[in-house]
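In what follows, a structure is listed as structure tokens, so that the remarks can point back to it.
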Amino acid sequence: MDLKSAPDILVHGGRIIDPARGIDQMGNLWLRQGAVSEITPPAPAPEGRRGLLVVNAAGAIVCPGFIDVHCHLRDPGEEQKETIATGTRAAARGGFTAVCAMANTSPPVDNRAVVEYIQRTAAARAVVRVYPLATVTQGMAGRELTEMADLAEAGVVAFSDDGRPIVDSGVMRHALEYSRLIERPIMVHEEDPSLSAGGVMNEGPVATRLGLKGWPGVAEEVMIARDLALCEVTGGFLHIAHVTTARGVEIIRRARERGIQFTAEATPHHLTLTDEWVAGWRPDGRRGMPYDTATKVNPPLRSEADRQALVAALRDGTIDLIGTDHAPHSDVDKLCEYNTAAFGISGLETALAVLLGLVHAGELSLPLLIRRLTCEPARAFHLPGGTLAPGTPADVCIFDPDATWTVDPSEFASLGHNTPLAGMTLRGKVIATICGGRLVYVDEQRKEILSGEVAA
Ligand code: DOR
């Protein structure tokens, strides 16, 4: 990104929330040459200043751009599902200014050539920052480690076989030992396949009612317990992806009490939806379609008690951060019976609005939600950004917490239209996203918020 040529931007009159610095105040945010310049107290915007783009943020929240450490961009290899161009446009629409691209592409990111392909393509086509991940094991086969040091040197920010667990404990131990040397997290998809085999939704009464094979929470919990033990022994960098169960949360909480250092994540869908959605239940009283394959995700949507435990964990810091696990699929993968459909939810463009549902319901405070989407992911993955501190990259999200809109996947920038939220009315909408001092998204219906050097 050529920051020198980014215009000066004044984000005028919003409520500025920067959890990294404990800021929550009304004011003006100034961005100059692609970096945050300063926050000034409320004052009228200067009129007709040359070279200044003014974004009217009255009534809106202004915060650091969100950072998604868990995002499937599918490029290379499955460009019918998503590309780096479409996935990053979806990110911008969702208020994200940086995404970590998961490594289960085709071919997987297990060598430098694929990393360089992603970096080159992102430089040419991405509208937000793309940080590549590489796989932990060659071909994601779970046996031989990749050349982790070489891949880290090439710019990989973390390692993950996500989509597949690392079943072999010896391999996992070595990966954690290496992670310490190269100071990059190992991000784990926790699933013991001997327990989850054939499961397509949460094991429990809803699965029984629907006649679907269950994927039990304990398949996740035994692996969380194993990896925390290995993390303690090795002192490695562990990041636990998409935690979903109350018992998993309890195991993590106890590990924190023991002083083990690691990070953990929850997704917007596990924080807000339950396995009742697979049976067609919807919160707005409408009945959804039972067996809707858009609800099929790995790990699966869990019970309401699990969901509540996850939200409590997000509140008290047992879970550090939110990752979307944006997993776009095409119709051929989803328009089929539940048992054969692909796992995954396309989540970048609905993440903020569903999460704001927790804020509107009084389950979470707004500054804490923003913290879990900004400075905490930056801290966990050692990434720049996640704050509006002067001198940091001008990555900003501006959203209206009260605007209502109806989810229409055909309007997504993502090629993945697989969302169980289709047709639902949500409250909270991104109105503009700025990345590196450039406006990378403005809500079509809110273009009047821009004045001054709009063309820039
Ligand atoms: O639902 C999922 N989809 N979970 C994963 O772990 C992988 C992802 C995918 O790649 O589609």
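Computed quantities for the displayed model
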quantity	calculated
Filtered trypsin sites (Lys or Arg not before Pro), segment 98-207: DSSP coil and at most 15 other beta carbons within 10 Å	Arg143
Share of carbon and sulfur in the accessible heavy-atom surface of segment 91-148 [1.4 Å probe, %]	44 percent
Accessible surface of segment 290-342, 1.4 Å probe, proportion on carbon and sulfur as whole %	52 percent
Qualifying trypsin sites (Lys or Arg not before Pro) in segment 1-72, DSSP loop, other Cβ atoms within 10 Å at most 16	Arg49, Arg50
28 Å tail of the calculated P(r), segment 260-395, as % of Cα pairs	23 percent
Over segment 186-264, equivalent-ellipsoid semi-axes from the Cα gyration tensor in Å	27, 12, 9
Accessible area expressed per residue, segment 348-432, with surrounding protein chains retained (probe 1.4 Å, Å²)	30 Å²
Stretchable slack from Asp402 to Glu257, in nm (0.36 nm times residue separation minus alpha-carbon distance)	48.4 nm
The chain: translational diffusion in µm²/s, Stokes-Einstein, Kirkwood Rh over Cα pairs, 20 °C, 1.002 mPa s	97 µm²/s
Mean Cα-pair separation over length for the chain, i.e. relative contact order, pairs under 8 Å, 6 or more apart, %	21 percent
Debye equation applied to the C-alpha atoms of segment 1-89, log10 I(q)/I(0) at 0.14, 0.16, 0.20, 0.21 Å⁻¹	-0.66, -0.78, -0.96, -1.01
Overall dimensions of segment 271-317 as given by Cα atoms, namely Rg and Dmax in Å	11.7, 35
Rounded D (µm²/s) - segment 143-217, Kirkwood Rh over Cα pairs, Stokes-Einstein at 20 °C, 1.002 mPa s	151 µm²/s
DSSP-loop GluC sites (Glu not before Pro) across segment 77-161, with at most 13 other Cβ within 10 angstrom	Glu144
With every protein chain in place, segment 192-238: carbon and sulfur % of accessible area (1.4 Å)	64 percent
DSSP H segments from the chain that extend 24 Å or more along their own axis, Cα-based, with Kyte-Doolittle mean of 0.5 or above	217-234
Segment 204-341 shape via C-alpha gyration tensor axes, a/c threshold 1.5	prolate
Charge tally in the Cβ shell below 10 Å around Asp402, where Lys, Arg are +1 and Asp, Glu are -1, Asp402 excluded	+1
Straight-distance crosslink candidates among lysines, where the alpha carbon sits under 21 Å from Lys334 and sequence neighbours closer than 8 are dropped	Lys81, Lys213, Lys296
Rg(Cα) / (2.2 N^0.38 Å) computed for segment 98-189, rounded to two decimals	1.01
Only Lys, Arg (+1) and Asp, Glu (-1) charged, at Cβ; segment 142-213 dipole about Cα centre in debye	360 debye
Segment 96-255: projected area of the alpha-carbon convex hull, averaged over directions, in nm²	10.5 nm²
Accessible area per residue, Å², segment 94-228 with all protein chains present, probe 1.4 Å	39 Å²
Stretch gain in nm, segment Glu79-Glu337, where the contour uses 0.36 nm per residue and the Cα spacing is subtracted	90.5 nm
Fraction in percent of alpha-carbon pairs per bin - 10 Å, segment 367-410	22, 42, 24, 12
Stokes-Einstein diffusion coefficient of segment 338-456, Kirkwood radius over Cα pairs, 4 °C, 1.567 mPa s, in µm²/s	80 µm²/s
Under 18 Å from Lys429, Cα to Cα: aspartates and glutamates that are on another chain or at least 8 residues apart	Asp68, Glu349, Asp395, Asp400, Asp402, Asp408, Glu411, Asp443, Glu444, Glu448
Under 15 Å from the Ser169 label point (7 Å along Cα→beta-carbon), backbone N, segment 215-258	221-234
Estimated FRET transfer efficiency (Ala149, Thr208; beta-carbon r; R0 45 Å; 0.05)	0.40
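The values are calculated or read from the model by the stated rules, or taken from the named source; none is laboratory data. As the structure is a prediction and not an experimental result, all values here were calculated from the model. Please note: Cβ atoms are built from the backbone with ideal geometry, for glycine as well, and neighbour counts cover all protein chains shown. Side chains are part of the model used for accessible areas, which takes the heavy atoms of the whole protein and leaves out ligands, DNA and RNA. Shrake-Rupley method; radii C 1.70, N 1.55, O 1.52, S 1.80 Å.
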